[in-house]
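Following: one structure in structure tokens, then a few remarks.
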Ligand SMILES: [Zn+2]
């Protein structure tokens with residue numbers, strides 16, 4: 001790890017976010033090339049990011065004029081399994097048809113246990129993630145609470161279960177509400193019990209298709225997260241490097257993959273691969 005000098009330059013990766021220790025605020029680390037910047041320590045202080053105009057593909061490193069799917073060059077976007085639409089809609093997995101873009105990658109990522117969870121990012125939502133991505137996934141979404149509820153054996157199965165839940169629960173975060181901090185705590189265990197009871201018929205149908213053992217009901221306790229935010233914005237204005245190369249202001253908070261500056265918010269994940277100077 002390299003200590004940050006007054007200004008450093010490198011290509012952005014999504015921020016590293018870790019749960020706070022002993023119930024403390026979530027910890028944020030900005031990653032620009034090989035540089036690391038402890039953002040919690042910068043709260044209340046000026047922060048300036050300026051895009052140099054370059055973008056490097058997060059997979060192959062090639063220079064690209066435009067970023068596809070949050071950080072890829074066009075050839076990688078068309079070629080990689082992780083950029084295929086079945087990753088966003090796992091129920092459309094086409095591995096069995098022999099058309100997977102990268103079967104070996106799929107074996108490692110899709111044919112692994114996946115978790116279906118409830119989270120509270122801007123109200124109740126359902127989501128899926130590989131077991132190893134908990135709790136990163138929730139922190140990336142700015143969830144204040146989360147509860148793993150079911151485990152299945154493959155990504156496709158998790159997508160099919162999520163489709164059932166989407167009849168009753170959102171699967172998206174209203175990011176403006178999330179950033180304004182307008183989120184009331186929920187009783188996620190009660191929501192889980194309610195949903196499992198009302199979706200029992202649909203889940204039985206999936207058991208008939210995949211076998212009784214394909215799905216395990218988890219008995220976990222909800223986790224909650226506190227984000228380092230001095231002041232939530234009342235009105236959401238977004239910085240966008242594609243329109244203006246500079247995003248600068250006083251750092252008022254960190255939530256999800258967003259920096260909250262007094263001049264506006266910026267979703268750093270959206271700019272993965274953008275080369276920026278940070279100071
Ligand atoms: Zn590439």
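Each reported figure results from applying straightforward, stated rules to the coordinates on display, with no laboratory input. Given the structure is predicted, the values throughout are model-derived calculations rather than measurements. Every residue, glycine among them, receives a Cβ derived from its backbone with ideal geometry; neighbour counts consider all protein chains shown.
Descriptive notes on the structure:
- Rounded to the nearest 10 degrees, the angle from helix 155-165 to the longest Cα principal axis of the chain is 80 degrees.
- Based on the Stokes-Einstein relation at 4 °C and a viscosity of 1.567 mPa s, and on the Kirkwood radius from alpha carbon pairs, the range 1-64 is assigned a translational diffusion coefficient of 97 µm²/s.
- Considering only the range 205-279, percent of DSSP beta bridges that pair antiparallel, nearest 5: 90
- Global geometry of the range 57-183, whether rounded, prolate or oblate, following the gyration tensor of its Cα atoms and the 1.5 cut on a/c: oblate
- log₁₀ of I(q)/I(0) at q = 0.22, 0.23 Å⁻¹ - the range 1-124, Debye sum with one point per alpha carbon: -1.23, -1.25
- Folded to 0 to 90 degrees: helix 188-198 orientation relative to the chain principal axis, Cα: 40
- Relative compactness, the range 113-224, computed as alpha-carbon Rg over 2.2 N^0.38 Å: 1.02
- Acute angle (nearest 10 degrees) that the helix 200-210 long axis makes with the longest principal axis of the chain, alpha-carbon atoms: 80
- Zone of residue 194's modelled label, taken as backbone nitrogen in the range 158-177 under 18 Å from a point 7 Å along Cα→Cβ: 164-172
- Bridge orientation summary for the chain: considering DSSP beta bridges with both residues in this region, about 95 percent are antiparallel.
- Scattering from the range 167-233 was approximated by placing one identical point on each alpha carbon and applying the Debye formula without solvent; log10 I(q)/I(0) at 0.16, 0.17, 0.18, 0.21 1/Å stands at -0.78, -0.84, -0.90, -1.05.
- The antiparallel fraction among DSSP beta bridges confined to the range 113-224 stands at about 95%.
- Spatial separation of Cα centroids for the range 20-87 and the range 200-264, in angstrom: 16
- Between residue 204 and residue 237, residue separation times 0.36 nm minus the direct Cα-Cα distance comes to 7.3 nm.
- When every Cα-Cα distance of the range 30-87 is counted in 10 angstrom steps from zero, the calculated P(r) takes the values 19, 38, 27, 15, 1 percent.
- The convex hull defined by the C-alpha atoms of the chain has an orientation-averaged projected area of 15.4 nm².
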